Amino acid sequence: MAFRQLNPQTMARLALPQFLLAGLVLLSVLSLPLPYAGSVRPCLVLMAVYYWAIFRPTLVPPFLCFLAGLLMDILSGMPLGVNALVLVAVQWVVRGQRRFLMAQPYKVLWAVFGLVVVLASALTWLLFGIMQRSWAPLPPLAGTAAASFLLFPLVSWILIFVHRTLPAVDSRNY
Amino acid sequence: MKLRYQNKGISRVLTGGWTPGLSSFLFIILALGLFTFSSLRPDSLQTVRTRTTDFFAPVLSTVNRPVQIAADYVRAVSGLASLQQENARLAAENAKLREWYQTAVMLKSENESLHKLLNISLPPDKTFVTARVIGDSGNDYVRSALVLAGTQDGVTKGQAVVAGDGVVGRVIESGKKTSRVLLMTDLNSRIPVLVEGTEINAVLGGANSDMPELLYLPRGKKLKDGARLITSGHGGMFPYGLPVGEAVKGKGGRWFVRTFADAGHLTFVRIVNNGGDPRLHEGPSQP
């Protein structure tokens, strides 16, 4: 069945992951003057990219990862291309391992996400350092990575909820 | 219901449905190209940046409102517990401020009469543009804030930005409707400061932490713990006399600054328009 033959309700359901991704991008660049939160910003967009790369890679393809990363770069004042590169790379690597990851229990997915966060942070740190010719201090990075790891269950709970509302798909096309 | 996508032409590349590896590879190359280009010529893509930010300003501003309201609510609830303590503190502070008010009124009239007596000519007063903070990079790399005021409101690159109690940074990009403020806690921020009541000059250097460091302190000069720092006006970017913070002694003889304004939790800022310094020229961008 082609896209144009889908009814509007199915289309809207299929667009949910994209809306959620846009929401997470906004949340990561908004001003959040919360007390006690400090400057820790968990990598929310990375969680969504990781999740969909495993379960429905065609819904959040490399193009959308690139766009989300680019928007984050522009709106947060980061050097252009850093987040875009990191998100596309994460999607690529995770997608390559999706058959293995899909068969794993949730705890393994969570642990692998921890590894992904560390690798993505290292790549961001390296790219930023190359561009600025000065290296960002490491302790806050560890805090952000830890916060992202700990918040993954909460965000993935929302992602799983959205995933369940999606229409089933024939996986032969992946 | 089972679905099958029929990806054709460009949509194959965009969705990566047919050749996922190739599509990822293409976008990685594109991102790398963009990164290299923006590294070599940081200023060349500035227009794209400011235009895009301007475009997204209404969205950010709209979404920001409920978030701010929620944040205020959380702050109000978490503040309830310490309400009585806070009240006592404020009452004591108010009593002290009343005394200061009398002193200030007296000093003001004395100052005015001395001005008249000396026939002194002072630089024109500064004007302010008040703007709401709508975005906040607040990550571990860049400390900057996005404010809802741009060139159409008279905000230009280089202007100093203050919030309630003191300096928070300066404008580094200004679009039509929005501007980006480099906070003084950012790794790249350098602000010339002066220890009030002395002639000790130093530079306030951000370090991506909550407390910026005092750099280039002159040797042999003694600094007191808790000394008040103001902007020195050197370099022409920041006008003289904006309050900055208090000096705090750190380990190994280093000095840090407890800033008056909390750059991490900004809601509104004031952008200082001091008419601009005619001696200031923008230098060539350095890669």
Checklist outcome for this item: Here the percent of antiparallel bridges among DSSP beta bridges lying wholly in the protein assembly as shown, to the nearest 5, is 100 percent
Checklist outcome for this item: The equivalent-ellipsoid semi-axes of chain B, taken as the square roots of five times the Cα gyration tensor eigenvalues and listed largest first in whole Å, are 44, 25, 21
Checklist entry - Which number gives the lysine pairs in chain B that have C-alpha atoms under 23 Å apart and are eight or more places apart or on different chains? => result 15
Checklist entry - Is there a simple number for the mean count of other chain Cβ atoms within 10 Å of the Cβ of residues in A:140-151, and what is it? => result 1
Next on the checklist: Calculate the FRET efficiency for A:L151 and B:A88 from the Cβ-Cβ distance with a Förster distance of 56 Å, rounded to the nearest 0.05.
Outcome noted: 0.90
Checklist outcome for this item: Expressed as a whole-number percentage, the relative contact order of chain B with C-alpha contacts under 8 angstrom and at least six residues apart is 17 percent
Checklist outcome for this item: Between B:Y101 and B:F128, Cβ-based FRET efficiency (R0 25 Å, step 0.05) works out to 0.65
Checklist entry - Roughly what would the spin-label model give for A:V118 and B:L22, points 7 Å off Cα along C-beta, in nm? => result 3.6 nm
Checklist outcome for this item: Counting only residues 5 or more apart in sequence or on a different chain, those whose built amide H sits under 5 Å from that of B:G166 are B:A261
Next on the checklist: Need one number: nm distance between label points at A:A142 and B:S109, each 7 Å from Cα along Cα→Cβ, rounded to one decimal.
Outcome noted: 6.1 nm
Checklist entry - Are there any helices in chain B, counted as whole DSSP H runs, that stretch 15 Å or more along their axis by Cα and score at least 0.0 on average by Kyte-Doolittle, and if so which? => result B:20-40, B:46-80
Checklist outcome for this item: Taking 0.36 nm per residue of separation between B:H234 and B:D210 and subtracting their Cα-Cα distance, the length gained on full extension comes to 6.2 nm
Next on the checklist: Using Cα-Cα distances under 8 Å and only pairs 6 or more residues apart, what relative contact order does region A:9-165 have, in percent?
Outcome noted: 29 percent
Checklist outcome for this item: Around A:H163 (Cβ within 13 Å, Cβ-to-Cβ, excluding A:H163; K/R +1, D/E -1) the net charge comes to +3
Checklist outcome for this item: Helix-only [θ] at 222 nm, chain A, -39500 (n - 2.57) per DSSP H run of 4+, per residue, nearest 500, equals -24000 deg cm²/dmol
Item to check | Under the span-like rule (Cα at least 30 Å along the axis, Kyte-Doolittle mean at least -0.5), DSSP H helices of chain A | outcome: A:8-29, A:106-132, A:139-165
Checklist entry - Under the definition of partner shielding as Cβ atoms of other protein chains within 10 Å of a residue Cβ, what is the mean value for peptide B:32-41? => result 5
Checklist entry - B:E196 versus B:S44, label points 7 Å from Cα toward the beta carbon: distance in nm? => result 4.7 nm
Next on the checklist: Less than 9 Å Cβ to Cβ from A:T144, Lys/Arg counted +1 and Asp/Glu -1: what total charge do the surrounding residues give?
Outcome noted: 0
Next on the checklist: Using alpha carbons only, how many angstrom separate the centre of region B:139-214 from the centre of region A:46-102?
Outcome noted: 32 Å
Checklist entry - Could you give the radius of gyration (one decimal) and Dmax (whole number) of the Cα atoms in region B:97-152, in Å? => result 20.0, 53
Next on the checklist: Per-residue Cβ counts within 10 Å, from other chains only, averaged over B:259-267: what number is that?
Outcome noted: 2
Next on the checklist: Could you work out the relative contact order of region B:134-287? I mean the mean sequence separation of Cα pairs under 8 Å and 6+ apart, divided by the number of residues, in percent.
Outcome noted: 21 percent
Next on the checklist: Can you show me the helix-derived [θ] at 222 nm for chain B, built from DSSP H runs with n ≥ 4 at -39,500 (n - 2.57) apiece and divided by the number of residues, rounded to the nearest 500.
Outcome noted: -12000 deg cm²/dmol
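Every read-out reported here was derived from the displayed coordinates using simple, explicitly stated rules and does not represent laboratory data. Bear in mind the structure is a predicted one, so any value in this text is a computation, not a measurement. Methodologically, a virtual Cβ is constructed for each residue, glycine included, from the backbone with ideal geometry; neighbour enumeration extends over all protein chains shown.
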